[in-house]
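*Asks:* Sharing a structure, written as structure tokens. Questions coming.
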Amino acid sequence: MTSQFLAIYYLNDLDHYIKEKLRCKYYVRYMDDFIILDTNKEKLKEIFKILEIEINKLDLKVNPKSNIKNLKNGINFLGYKYIVRNKFNIKYKSKTLYKIRHRLKLYEKYDLLKYYKSYSSYYGYLNKLNVQERNFKMKAAEKYEYYKNDNNNCIVFIKEGSSYKTYNDDAIIIWNLFNYKWNKESIVFSVNYSNKVLDELKKQDIGYLIVQDNQIYVDGNKEIYDLYRKISIINYDKYNKKCELHSLLDNIIDSNINLYDDIKLYFDSIKDGEVNEK
């Protein structure tokens, strides 16, 4: 913060000189960048000459880029370009936009969570300029993968609003324990059922991580987690195969009800250990 403090302190007398001696009504300064607005160009030229002298007294020099410009053509100040024609427009300098996009690409490649946090922050900064799409929220599945990489031995839950979500093998464990319906990608259950789920996980000594504003981590037995994961995957595979057979039988019976007796006879022979090849 020393740069900000020193700039405020060092140029404080110049602020008073511009406002009180030169009587500049529209004066804006941030650090060592400042602008003076006026409708009289000749007056601004005179002020410019006087300020060059005053700034030299402080052992400072006016930046060669400093100039008197017409707002119709636009002026650059603090990364923005301001243009006043029929209306007031604010645009970003292309160099600034390049830096932002370059930084976001690096974050997206190396640190997804930081990417979304930065994207969200930049959106608030850019939304007035209509140069950024409102698409900065990290998806629950992406957030799950991000935290799961460092938490392979516990169930990761992503809390969104009034629901909990989990994915992949963790979802299969929850399905096996509670028979919750899922869409072969994730399991979602209401906060109202969370106590039941979390209490059972603690009882079975299965660790979990809840990702929300404040992360909640409950440690558990890694070997028990692995055991439940293996058992749940086996049961889920068995469940899928049964569903596949049910679907197949439904289609066969629907197409020809007369095949029922033959099919039943075949299954009875399997049950008895003697396959009827008919």
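The values are calculated or read from the model by the stated rules, or taken from the named source; none is laboratory data. Keep in mind it's a predicted model, so treat the numbers as computed, not measured. Cβ: placed from backbone, ideal geometry, glycine included. Neighbour counts: every protein chain shown. These accessible areas exclude ligands, DNA and RNA; they are computed on the full protein's heavy atoms, side chains included. Shrake-Rupley method; radii C 1.70, N 1.55, O 1.52, S 1.80 Å.
*Asks:* Is there any pair with a first residue in region 67-79 that is over 21 Å from GLU52 (Cβ atoms) and a second that is charged (D, E, K, R) whose Cβ atoms are under 8 Å apart and which are 6 or more apart or on different chains, and what are they?
*Replies:* LYS72/ARG85; GLY74/LYS81; GLY74/LYS91; LEU78/ASP33; GLY79/LYS93
*Asks:* A follow-up question, please. Do we have any residue at all in region 203-214 that's part of a strand (DSSP E or B) and modelled with pLDDT under 90? Show your work before the answer.
*Replies:* We begin by selecting, within region 203-214, every residue part of a strand (DSSP E or B); these are 208-211.
Within this subset, residues satisfying the condition of being modelled with pLDDT under 90 are 211.
Yes, there is a match, as at least one residue in region 203-214 is part of a strand (DSSP E or B) and modelled with pLDDT under 90.
*Asks:* With more than 20 Å from ASN151 (Cα to Cα), in contact (Cβ under 8 Å) with a residue 60 or more places away in the chain and outside any loop (DSSP other than H, G, I, E, B) as the only criterion, which of TYR236, TYR225 stands out?
*Replies:* It is TYR236.
*Asks:* May I pose another question? Taking region 186-214 on its own, how many of its residues are under 21 Å from TYR147 (Cα atoms) and open to solvent by 40 Å² or more (accessible area, probe 1.4 Å)?
*Replies:* Count: 7.
*Asks:* Hey, another quick one. Exactly one of (1) in contact with a Cys (Cβ under 6 Å, 6 or more places away or on another chain); (2) assigned to a loop (DSSP other than H, G, I, E, B) is unmet by ILE18. Its number?
*Replies:* Of the numbered conditions (1) in contact with a Cys (Cβ under 6 Å, 6 or more places away or on another chain); (2) assigned to a loop (DSSP other than H, G, I, E, B), the odd one out for ILE18 is (2).
*Asks:* In contact with a Gly (Cβ under 8 Å, 6 or more places away or on another chain), open to solvent by 90 Å² or more (accessible area, probe 1.4 Å), under 20 Å from ASN168 (Cα atoms) and at pLDDT 90 or above: is that true of LYS222 in this structure? Before the answer, list the steps.
*Replies:* On the way: in contact with a Gly (Cβ under 8 Å, 6 or more places away or on another chain): yes; open to solvent by 90 Å² or more (accessible area, probe 1.4 Å): yes; under 20 Å from ASN168 (Cα atoms): yes; at pLDDT 90 or above: yes.
Taking the combined requirement at face value, the residue satisfies it.
*Asks:* Output the residue which, of all residues in region 17-45 that are of a type in the set (Asp, Glu) and surrounded by 12 or more Cβ atoms within 10 Å (Cβ to Cβ), is nearest to SER3 (Cα to Cα).
*Replies:* Let us first name the residues in region 17-45 that are of a type in the set (Asp, Glu), namely 20, 32-33, 38, 42.
Narrowing the set further to residues that are surrounded by 12 or more Cβ atoms within 10 Å (Cβ to Cβ) leaves 32-33, 38.
Numbers: ASP32: 10, ASP33: 13, ASP38: 29 Å.
This residue is ASP32.
*Asks:* Could you check, for region 128-140, whether at least one of its residues is within 30 Å of TYR228 (Cα to Cα), modelled with pLDDT of 75 or more and not hydroxyl-bearing (Ser, Thr, Tyr)?
*Replies:* Residues of region 128-140 that are within 30 Å of TYR228 (Cα to Cα), as a first pass: 138-140.
Those still in the list that are modelled with pLDDT of 75 or more too: 139-140.
Filter once more, so that each one left must be not hydroxyl-bearing (Ser, Thr, Tyr): 139-140.
Yes, region 128-140 contains a residue that is within 30 Å of TYR228 (Cα to Cα), modelled with pLDDT of 75 or more and not hydroxyl-bearing (Ser, Thr, Tyr).
*Asks:* How many residues are at pLDDT 90 or above and open to solvent by less than 70 Å² (accessible area, probe 1.4 Å) if we restrict to region 164-185?
*Replies:* Here the count works out to 14.
*Asks:* Which of the residues that make up region 138-163 are within 24 Å of GLU223 (Cβ to Cβ) and open to solvent by less than 10 Å² (accessible area, probe 1.4 Å)?
*Replies:* Correct list: TYR144, CYS154, ILE155, VAL156, PHE157.
*Asks:* Being among the hydroxyl-bearing types (Ser, Thr, Tyr) and under 30 Å from the mean Cα position of the chain (by Cα) narrows it down to one of TYR208, TYR236, so name that one.
*Replies:* Values: TYR236 fails: under 30 Å from the mean Cα position of the chain (by Cα).
Of the residues listed, the single one that is among the hydroxyl-bearing types (Ser, Thr, Tyr) and under 30 Å from the mean Cα position of the chain (by Cα) is TYR208.
*Asks:* Ok, one more. Take SER3 and tell me if it is over 30 Å from LYS148 (Cα atoms), open to solvent by 60 Å² or more (accessible area, probe 1.4 Å) and among the small types (Gly, Ala, Ser). Before the answer, list the steps.
*Replies:* Numbers: over 30 Å from LYS148 (Cα atoms): yes; open to solvent by 60 Å² or more (accessible area, probe 1.4 Å): yes; among the small types (Gly, Ala, Ser): yes.
So SER3 passes the test.
*Asks:* For region 50-105, what are the residues that are assigned to a helix (DSSP H, G or I) and either open to solvent by less than 70 Å² (accessible area, probe 1.4 Å) or acidic (Asp, Glu) (or both)? Before you say what the answer is, go through the steps one by one.
*Replies:* Filtering region 50-105 down to residues assigned to a helix (DSSP H, G or I) leaves 50-57, 94-105.
Hits for region 50-105 are ILE50, LEU51, GLU52, GLU54, ILE55, THR96, LEU97, ILE100, LEU104.
*Asks:* Then there is this: Looking at ASN251, is it more than 20 Å from ASN179 (Cβ to Cβ) and touching an Asp or Glu at 6+ places or on another chain (Cβ under 6 Å)? Even if it seems obvious, please write down each step before you answer.
*Replies:* On the way: more than 20 Å from ASN179 (Cβ to Cβ): yes; touching an Asp or Glu at 6+ places or on another chain (Cβ under 6 Å): no.
Here the answer is no, as ASN251 does not meet what is asked.
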